[in-house]
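A short worksheet on the structure shown next.
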Amino acid sequence: MLRNRAIQAALVATVALSASLGSTAIAFAADPPPATSSVLDNTDQRALGLTGVLNARDAGGYRTTDGHTVRTGLVFRTGDLSKATDADLAKLTGDDVVSVHDLRTGYEQTIFGVDKVPAGATEHHDDVIGQAPPQVMASTLSAGTDLYRAFITAPGANEAFANVIKDIAYNPGGVLFHCTAGKDRTGWTSAVLLTILGVDKDTVYYDYLLSNYYRGAKDGDMMNGVTASALDSAFDQVNQTYGSFDNYVHDGLKLTDGDIAALEAKMLA
């Protein structure tokens, strides 16, 4: 009962917040974070231009530390697709999105609505935190340390993130992943993907902090935005639990060298 009440309280508050934001794209924050020298695409080039889906952007367009480029047009990160318009879905079809990974809990799907997906796309439900402790569920809105550490420690979280990475590696078409706001679970997925591909830490954080720009969040607005300290806590938990990011990839996510090679072959130019 405690678990259900914690989940429901957090999600009811989230619904109220979502209603106040509206279903269409909101005004961007005044400025994106400072771009690093490894950022190849600007914020306009990266944005998908969807009207019913927030924080919708290409996950590529970065240079790796060894001089490769993370290809664009293959992987996309967004907020939930429950309010996607027909034009949005047509745009995603045009971008060859054939696989959609929903990282939300079943409660979120019930309250916010199931995804609208591009025609012919395969849907996957990869619940990251549905088996997390009640206090994690209750902290969903504040998106702080407990939530981000649970991305590494919660039962089922590693499997959920690994499913996305493996699909990206082996699916010949475009892959889209999202949570509710497209900033926390989605942000960690993108951070993992880019780090595996060899993008430097500062640029990984740039990609993460872009959620503040695309969601119009002001500094310190953790309900609508993100903060670097939250991402810090996820990387710190990786080191605490697995000793290193490489160990997390191999022992936590259970990705093989073959999986990583396939991911690099698809995503790096």
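The values are calculated or read from the model by the stated rules, or taken from the named source; none is laboratory data. Keep in mind that what you see is a predicted model, and the values were worked out from it rather than measured. Don't worry about glycine lacking a Cβ; one is built from the backbone with ideal geometry, like all the others, and counts go over all protein chains shown.
Report, by residue number, each residue of segment 56-71 that is touching a Lys or Arg at 6+ places or on another chain (Cβ under 7 Å), part of a strand (DSSP E or B) and in contact (Cβ under 8 Å) with a residue 24 or more places away in the chain.
Kept after step one, since they are touching a Lys or Arg at 6+ places or on another chain (Cβ under 7 Å), are these residues of segment 56-71: 57-61, 69.
Adding the requirement that they be part of a strand (DSSP E or B) leaves 57-58, 69.
Arg57, Thr69, listed by residue number.
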Within segment 168-197, restricting to residues that are closer than 19 Å to Gly113 by Cβ and of a type in the set (Ser, Thr, Tyr), the one that is surrounded by the fewest Cβ atoms within 10 Å (Cβ to Cβ) is Thr180
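For every residue, the table says whether it meets (1) in a loop (DSSP other than H, G, I, E, B); (2) touching a helix residue (DSSP H, G or I) at 6+ places or on another chain (Cβ under 9 Å); (3) aliphatic (A, V, I, L, M); (4) surrounded by fewer than 18 Cβ atoms within 10 Å (Cβ to Cβ).
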site: Pro32; (1), (2), (3), (4): yes, yes, no, yes
site: Thr36; (1), (2), (3), (4): yes, yes, no, yes
site: Asp44; (1), (2), (3), (4): no, no, no, yes
site: Leu54; (1), (2), (3), (4): yes, yes, yes, no
site: Gly73; (1), (2), (3), (4): yes, no, no, yes
site: Ala84; (1), (2), (3), (4): yes, yes, yes, no
site: Ala90; (1), (2), (3), (4): no, no, yes, yes
site: Arg104; (1), (2), (3), (4): yes, yes, no, no
site: Val114; (1), (2), (3), (4): yes, no, yes, yes
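I'd like the residue in segment 199-223 that is of a type in the set (Gly, Ala, Ser) and touching a helix residue (DSSP H, G or I) at 6+ places or on another chain (Cβ under 8 Å) and, out of all such residues, is nearest to Asn55 (Cα to Cα). Give the steps one after another, and end with the answer.
Step one: filter segment 199-223 for residues of a type in the set (Gly, Ala, Ser), giving 211, 216-217, 220.
Next cut, touching a helix residue (DSSP H, G or I) at 6+ places or on another chain (Cβ under 8 Å) only: 211, 217.
On the way: Ser211: 6, Ala217: 11 Å.
Among them, the one singled out is Ser211.
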For Asp200, indicate whether it is in contact with a Ser or Thr (Cβ under 7 Å, 6 or more places away or on another chain), at pLDDT 95 or above and buried (at least 16 other Cβ atoms within 10 Å of the Cβ). yes
Which one of these is part of a helix (DSSP H, G or I), surrounded by fewer than 19 Cβ atoms within 10 Å (Cβ to Cβ) and at pLDDT 95 or above: Asp251, Asp259? Asp251
Residue list for segment 209-247, restricted to those being under 23 Å from Arg71 (Cα atoms) and either assigned to a loop (DSSP other than H, G, I, E, B) or free of Cβ contacts under 8 Å to residues at least 24 places away in the same chain (or both): Asp246
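Looking only at segment 235-247, count how many residues are surrounded by fewer than 22 Cβ atoms within 10 Å (Cβ to Cβ) and either in contact with a helix residue (DSSP H, G or I) (Cβ under 6 Å, 6 or more places away or on another chain) or hydroxyl-bearing (Ser, Thr, Tyr) (or both).
5
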Only one of Asn239, Asn224 is more than 17 Å from the chain's Cα centre (by Cα) and polar (S, T, N, Q). Can you tell me which? Asn239
Being within 28 Å of Pro32 (Cβ to Cβ), of a type in the set (Gly, Ala, Ser) and at pLDDT below 95 narrows it down to one residue among Ala234, Ala217; which is it? Ala217
